[in-house]
Amino acid sequence: MKILYAIQGTGNGHVSRAREIIPYLKNYGDVDILLSGNNVHLNLPYDVKYRSTGISYHYGSNGNIDLLQSFKKFTPIKIIKELLDFPIQQYDLIINDYEFISSWAAALAGKRFVSFGHQPSFLSAKTPMPEKQSFAGNMILKYHIKQSNPIGLHFERYDDFIYTPVIRTQIRNLEVTNGEHYTVYLSSFGDEELFKHLSKVDAKWEVFSIRAKEKYTKGNVAFFPANNEGFLNSVASCKGLLTGAGFETPAETLYLGKKLFCIPIKRQYEQYCNAAALTTLGVPVVNDADDSLPAQLENWINAPWNIKVNYADITPMLVEKIVRENEAVAPWMPAPAL
């Protein structure tokens, strides 16, 4: 069987999930990989057959998406050509993790495919959403990528086609300790902006920065270049993690039993949706890093932590389900409007 695994490369979550899924997929056939986007800071230890710039967000330095930079990188003519030229017909199984090119190529060709990952969970009306919803944001989540035969992942099983997160083996094998520091990963904030807030909090901080070229320390804040190994070691021994409201990193933090505090990226509607779900679990969330942030972090540090999750290793089951459902489904059919 020829398998295409198409991965969205905005952020690290899709790639970290692919690292777990691909070894199991190889038991069912030959796997080709399409990686779309250019905001990944995590290596994929497999040959990538197809690369595309795709449609990616670019982050600013004040907790926001840089819309101008994102627009400058947008190449619609190139994307359409890639979509029309993509050899989608040669694949027996197409797994789409929120990737634009392959989803539209499969839909236009009438090819069956399975939508897999976090984004399909938003097709369910049972998934938590923010009180103030965005019509445009909902349309992008549900229709920007063609979705079919969804298998979703979220913090809890909100619906029968939604499953708990895929937790990396690397995370499951960590030796967890309780050190003296708090770890920070907020890629949409500049180092100076973070230091302004963290320096006012009586705690030791380890910040993993996509902007830092080498380690340096200012007061109670140590900055490290963002890298997977160093970050995981810091999280394994931290008291808690301050991060965005993505999906994989908060899920892994909850799995490890660490304290979690989230600041959604501004203008990133999916993160506001994740924040709504995290809030229902009891995770503290703030939508803006203003002058009140240091006091809120102090409260978080001093408060007890009672959130427990049960994220069993369901990766082999999910891969088998993807393969079996692909064999059963009809050629491309739209995901239900829920």
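Of the numbered conditions (1) more than 17 Å from the chain's Cα centre (by Cα); (2) buried (at least 22 other Cβ atoms within 10 Å of the Cβ); (3) closer than 18 Å to ALA276 by Cα, SER148 satisfies every one except a single condition; which is it?
(3)
Restricting to segment 29-56, and then to whatever is charged (D, E, K, R) and outside any loop (DSSP other than H, G, I, E, B), can you tell me which residue is modelled with the lowest pLDDT? It would help to see each step written out before you state the result.
So the first thing to find is which residues in segment 29-56 are charged (D, E, K, R), and the list is 30, 32, 47, 49, 51.
Checking the rest, the ones that are also outside any loop (DSSP other than H, G, I, E, B) come to 30, 32, 51.
Working: ASP30: 96, ASP32: 97, ARG51: 90.
Among them, the one singled out is ARG51.
Could you list, in sequence order, all residues of segment 234-256 that are touching a residue at least 24 places away in the same chain (Cβ under 8 Å) and of a type outside the set (A, V, I, L, M, F, W, C)?
The initial filter retains those residues of segment 234-256 that are touching a residue at least 24 places away in the same chain (Cβ under 8 Å), namely 234-252, 254-256.
Hits for segment 234-256 are SER234, SER237, LYS239, GLY240, THR243, GLY244, GLY246, GLU248, THR249, PRO250, GLU252, TYR255.
Check whether at least one residue in segment 121-134 is surrounded by 22 or more Cβ atoms within 10 Å (Cβ to Cβ), not in a loop (DSSP other than H, G, I, E, B) and not acidic (Asp, Glu), and report yes or no.
There is at least one residue in segment 121-134 that is surrounded by 22 or more Cβ atoms within 10 Å (Cβ to Cβ), not in a loop (DSSP other than H, G, I, E, B) and not acidic (Asp, Glu).
Look through ALA295, ALA275 and report the one residue that is without any contact (Cβ under 8 Å) to a residue 60 or more places away in the chain and assigned by TED's automatic domain parsing to the domain that holds ALA203. Let's see the steps before the verdict.
Values: ALA275 fails: without any contact (Cβ under 8 Å) to a residue 60 or more places away in the chain.
Every option except ALA295 fails the conditions.
So if I check each of LEU260, LEU232, which one is touching a helix residue (DSSP H, G or I) at 6+ places or on another chain (Cβ under 7 Å), of a type outside the set (Phe, Trp, Tyr) and assigned to a helix (DSSP H, G or I)? Walk me through it before giving the result.
Values: LEU260 fails: assigned to a helix (DSSP H, G or I).
Only one candidate passes the filter, namely LEU232.
Among the residues of segment 312-332, which ones are surrounded by 13 or more Cβ atoms within 10 Å (Cβ to Cβ), part of a loop (DSSP other than H, G, I, E, B) and modelled with pLDDT under 90?
Within segment 312-332, VAL329, TRP332 meet the criteria.
Please determine whether any residue of segment 138-160 is at pLDDT below 95, part of a loop (DSSP other than H, G, I, E, B) and closer than 25 Å to LEU241 by Cα.
no
Any residue at all in segment 201-209 that is among the polar types (S, T, N, Q) and either over 22 Å from ILE263 (Cα atoms) or surrounded by 15 or more Cβ atoms within 10 Å (Cβ to Cβ) (or both)? Before the answer, list the steps.
Residues of segment 201-209 that are among the polar types (S, T, N, Q), as a first pass: 209.
From what's left, either over 22 Å from ILE263 (Cα atoms) or surrounded by 15 or more Cβ atoms within 10 Å (Cβ to Cβ) (or both): 209.
Yes, that holds for at least one residue.
Does GLU248 satisfy the criteria of being outside the structural domain of ASP97 (by TED's automatic domain parsing) and either touching a Phe, Trp or Tyr at 6+ places or on another chain (Cβ under 9 Å) or loosely packed, with under 15 Cβ neighbours inside 10 Å (or both)? Steps first, answer last, please.
Working: outside the structural domain of ASP97 (by TED's automatic domain parsing): yes; either touching a Phe, Trp or Tyr at 6+ places or on another chain (Cβ under 9 Å) or loosely packed, with under 15 Cβ neighbours inside 10 Å (or both): no.
No: the conditions fail for GLU248.
Can you tell me which residue in segment 210-227 is surrounded by the fewest Cβ atoms within 10 Å (Cβ to Cβ), limited to those that are assigned to a strand (DSSP E or B) and of a type in the set (A, V, I, L, M)?
Applying the filter and picking the extreme gives ALA222.
Looking at LYS196, LYS142, LYS200, LYS218 in this structure, which one is of a type in the set (Lys, Arg) and outside the structural domain of ALA295 (by TED's automatic domain parsing)? Steps first, please.
Values: LYS196 fails: outside the structural domain of ALA295 (by TED's automatic domain parsing); LYS200 fails: outside the structural domain of ALA295 (by TED's automatic domain parsing); LYS218 fails: outside the structural domain of ALA295 (by TED's automatic domain parsing).
When all the criteria are applied, what remains is LYS142.
Given the condition part of a loop (DSSP other than H, G, I, E, B), surrounded by 20 or more Cβ atoms within 10 Å (Cβ to Cβ) and at pLDDT below 95, answer yes or no: does some residue in segment 266-288 qualify? Even if it seems obvious, please write down each step before you answer.
Within segment 266-288, the subset part of a loop (DSSP other than H, G, I, E, B) is 267-268, 282-284, 286-288.
From what is left, the residues that are surrounded by 20 or more Cβ atoms within 10 Å (Cβ to Cβ) are 268, 283.
Of the ones still in play, those that are also at pLDDT below 95 are 268.
Yes, segment 266-288 contains a residue that is part of a loop (DSSP other than H, G, I, E, B), surrounded by 20 or more Cβ atoms within 10 Å (Cβ to Cβ) and at pLDDT below 95.
Among the residues of segment 96-113, write down those that are surrounded by fewer than 23 Cβ atoms within 10 Å (Cβ to Cβ) and more than 16 Å from GLU270 (Cβ to Cβ). I'd like the intermediate steps shown before the answer.
Filtering segment 96-113 down to residues surrounded by fewer than 23 Cβ atoms within 10 Å (Cβ to Cβ) leaves 100, 104, 107-112.
Passing the criteria: TRP104, ALA107, LEU108, ALA109, GLY110, LYS111, ARG112.
Whether any residue in segment 174-184 is touching a Lys or Arg at 6+ places or on another chain (Cβ under 6 Å), surrounded by fewer than 18 Cβ atoms within 10 Å (Cβ to Cβ) and not assigned by TED's automatic domain parsing to the domain that holds SER16 is what I want to check.
Going through segment 174-184, the residues touching a Lys or Arg at 6+ places or on another chain (Cβ under 6 Å) turn out to be 180-182.
Of the ones still in play, those that are also surrounded by fewer than 18 Cβ atoms within 10 Å (Cβ to Cβ) are 180-181.
Among the residues that remain, those that are also not assigned by TED's automatic domain parsing to the domain that holds SER16 are: 180-181.
Among the residues of segment 174-184, at least one is touching a Lys or Arg at 6+ places or on another chain (Cβ under 6 Å), surrounded by fewer than 18 Cβ atoms within 10 Å (Cβ to Cβ) and not assigned by TED's automatic domain parsing to the domain that holds SER16, which makes the answer yes.
Kindly evaluate PHE224 against the criterion of being closer than 22 Å to ILE171 by Cα and more than 16 Å from the chain's Cα centre (by Cα). Talk me through it step by step, then tell me what you get.
Working: closer than 22 Å to ILE171 by Cα: yes; more than 16 Å from the chain's Cα centre (by Cα): yes.
Against the criterion (closer than 22 Å to ILE171 by Cα and more than 16 Å from the chain's Cα centre (by Cα)), PHE224 qualifies.
The values are calculated or read from the model by the stated rules, or taken from the named source; none is laboratory data. Keep in mind it's a predicted model, so treat the numbers as computed, not measured. Reconstructed Cβ throughout: ideal geometry from the backbone, glycine too, with neighbour counts over all protein chains shown.
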